Amino acid sequence: MRSATDRTSLLAYMLPAIPLAMLGMPLIIYVPPFYAAELGLELAAVGGIFFIARAWDAITDPVIGHLSDRTRGPWGRRKPWIAAGVPLLMISLYLFLSPPVAVSKTYLFAVALIFYVAWTTVQIPYLSWGAELSRDYTARTRINGYRETGTMIGIILATLLPVVFLREENPALRDILWVYVVFLLVLLPVAASGATLVTPKTAFVESGKHGLFSSLKLLFVNKPFVRLIIGVFFLWLGGSVMNASLIFTFEHILQMPRSGFLKFVLIQYLIGIACLPLWVRFGNRYGRHRALFWGGFGYLAVQPLYLLVAPGDFSQLLLVALVHGPIISVIWVMPPALIADTIEYGMMKGGSDDAAIYMAVYNFMVKVAFAGGVGIALPLLGILGFQPMGQNDVQAIRGLIFVGLFLPAIIGVAGAVLLYNHPINKHRHGVIRRWLARKSLMPESLP
């Protein structure tokens, strides 16, 4: 039987991260401005709908996570959900990213709800699968490094494809989204098939079947887990505020064409993927929580560097990429591995080996942060007088500068403070595993 952590298994496991990341990028950067700027829906309405749709995951994430934890069969706990969820995701992403020209708020609301259920059906089991491939602290960093390499490749492709296939200087957002639709409808089934056929199902400890509410209750008495998700939430929220206003920052402050924006993002993520092995080594040596502290908050704190770039000067913009690029991957790589470490702590406190319910709460937190960022940034820009399709006075541009360049770091500092001294490091995680083995709550042979 193939090892779950050999290179071939990890490369296969990495594959779904590529289309999932490609899908995530337009949702963060392009879809809200698309519905507001090109389809004419009000900024406040778009922000409110995205917030409600993501809050819907408060129900779907833990429910699907719990059902995945309780799934038994020859394919294990995770693979059946991925195989069933991909077709639904393909249909809903087509409806979401390629809507009719005359779209209504009701259409956006309904399609967004369906889409996020489909996304959860794939993403929660996929993240949980990675948490179970190994229980070793160092191996977990490596596993997450593989998966997030796939994430970075997906983001690079998401940036590169519109540049390659759309030659206009300022392509329409609908045209950019259509490129994603075409490629995702091919990549999603191919990647899911490769992962489920090659990477082995994972072992787990059958430690009793708690109901959904009792499982959630046990999670929230897991103090390291609660502290961790609160800290990461503020980092993601700051990042979401930044991303929701990023395209406006490029067009109205930096005065860059969309083609320049796409090239900048591509270069930034190429630098990020090149530096990813360094962060993996840093996390294993000094602690993943310290890597997340320095990288996550640092990425938000250097946003004001955009103000040093002369409008329209792409060469100066590349200097910002040299600062942002090396630290962009940290917030993707470290949190899932840190969340996985808290599972064994929860087992020590009487919980079950239920990775999916942990990942469901984490995934829900990330989505609420994404939705909260859109729900904060877009209405606040409207209050401050900014108009995405019209002329903006000095006061409106100042509002954009505050929301896009300074507010993210203000929000992120709260998360950074909580993460700096996260209580489960490599040594303490080893102690927890040995304690579980002595109490016969986890076999020592479990990888």
Search result, residues across segment 46-72 that are open to solvent by 20 Å² or more (accessible area, probe 1.4 Å) and in contact with a Gly (Cβ under 7 Å, 6 or more places away or on another chain): 48, 51
Qualifying residue in segment 283-306 (condition: in contact with a helix residue (DSSP H, G or I) (Cβ under 6 Å, 6 or more places away or on another chain), more than 27 Å from residue 365 (Cβ to Cβ), open to solvent by 40 Å² or more (accessible area, probe 1.4 Å) and not basic (Lys, Arg)): yes
Members of segment 252-281 that are surrounded by 19 or more Cβ atoms within 10 Å (Cβ to Cβ) and free of Cβ contacts under 8 Å to residues at least 40 places away in the same chain: 261
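Tally the residues that are open to solvent by less than 40 Å² (accessible area, probe 1.4 Å), in contact with a Ser or Thr (Cβ under 8 Å, 6 or more places away or on another chain) and in a loop (DSSP other than H, G, I, E, B), restricting the search to segment 167-185. Explain how you work it out, then say what you get.
The initial filter retains those residues of segment 167-185 that are open to solvent by less than 40 Å² (accessible area, probe 1.4 Å), namely 171-173, 176-177, 179-181, 184.
If we keep only those that are in contact with a Ser or Thr (Cβ under 8 Å, 6 or more places away or on another chain) too, we end up with 171, 177, 181.
Next cut, in a loop (DSSP other than H, G, I, E, B) only: 171.
Looking only at that region, the number is 1.
Looking only at segment 109-140, filter to residues that are assigned to a helix (DSSP H, G or I) and closer than 19 Å to residue 8 by Cβ; which one of those is modelled with the highest pLDDT?
Residues of segment 109-140 assigned to a helix (DSSP H, G or I): 109-132, 137-140.
From the residues that got through so far, the ones that are closer than 19 Å to residue 8 by Cβ too are 126, 129-130, 132, 139-140.
Values: 126: 92, 129: 86, 130: 83, 132: 81, 139: 81, 140: 78.
Per the stated criteria, the residue is 126.
Could you say which residue among 106, 121 is in contact (Cβ under 8 Å) with a residue 40 or more places away in the chain and out of contact with any Cys (no Cβ under 7 Å at 6 or more places or on another chain)? Can you show your working first?
Details: 106 fails: in contact (Cβ under 8 Å) with a residue 40 or more places away in the chain.
After applying the criteria, what remains is 121.
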Residue in segment 30-45 that is surrounded by 18 or more Cβ atoms within 10 Å (Cβ to Cβ), over 30 Å from residue 379 (Cα atoms) and in contact with a helix residue (DSSP H, G or I) (Cβ under 7 Å, 6 or more places away or on another chain) present: no
Neighbours by Cβ (under 7 Å, 6+ apart or cross-chain): first from segment 406-419, more than 16 Å from residue 338 (Cβ to Cβ); second small (Gly, Ala, Ser) and modelled with pLDDT of 90 or more: 408/238; 409/238; 411/238; 412/238
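Taking the condition open to solvent by 10 Å² or more (accessible area, probe 1.4 Å) and among the small types (Gly, Ala, Ser), does residue 360 pass?
Working: open to solvent by 10 Å² or more (accessible area, probe 1.4 Å): no; among the small types (Gly, Ala, Ser): yes.
It is false that residue 360 is open to solvent by 10 Å² or more (accessible area, probe 1.4 Å) and among the small types (Gly, Ala, Ser).
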Residue 247 being in a helix (DSSP H, G or I), among the hydrophobic types (A, V, I, L, M, F, W, C) and open to solvent by less than 10 Å² (accessible area, probe 1.4 Å): yes
Index of the failed condition, residue 99 passing every other in (1) open to solvent by 30 Å² or more (accessible area, probe 1.4 Å); (2) within 20 Å of residue 182 (Cα to Cα); (3) not aromatic (Phe, Trp, Tyr): (1)
The one condition in (1) open to solvent by 40 Å² or more (accessible area, probe 1.4 Å); (2) over 25 Å from the mean Cα position of the chain (by Cα); (3) within 26 Å of residue 234 (Cα to Cα) that residue 410 fails to fulfil: (2)
Meets criteria (open to solvent by 10 Å² or more (accessible area, probe 1.4 Å) and either under 19 Å from residue 410 (Cβ atoms) or modelled with pLDDT under 85 (or both)) for residue 350: yes
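The values are calculated or read from the model by the stated rules, or taken from the named source; none is laboratory data. Keep in mind that what you see is a predicted model, and the values were worked out from it rather than measured. Cβ: placed from backbone, ideal geometry, glycine included. Neighbour counts: every protein chain shown. Ligands, DNA and RNA are stripped out before the accessible areas are found, and what is left, the full protein with its side chains, is counted by its heavy atoms. Shrake-Rupley method; radii C 1.70, N 1.55, O 1.52, S 1.80 Å.
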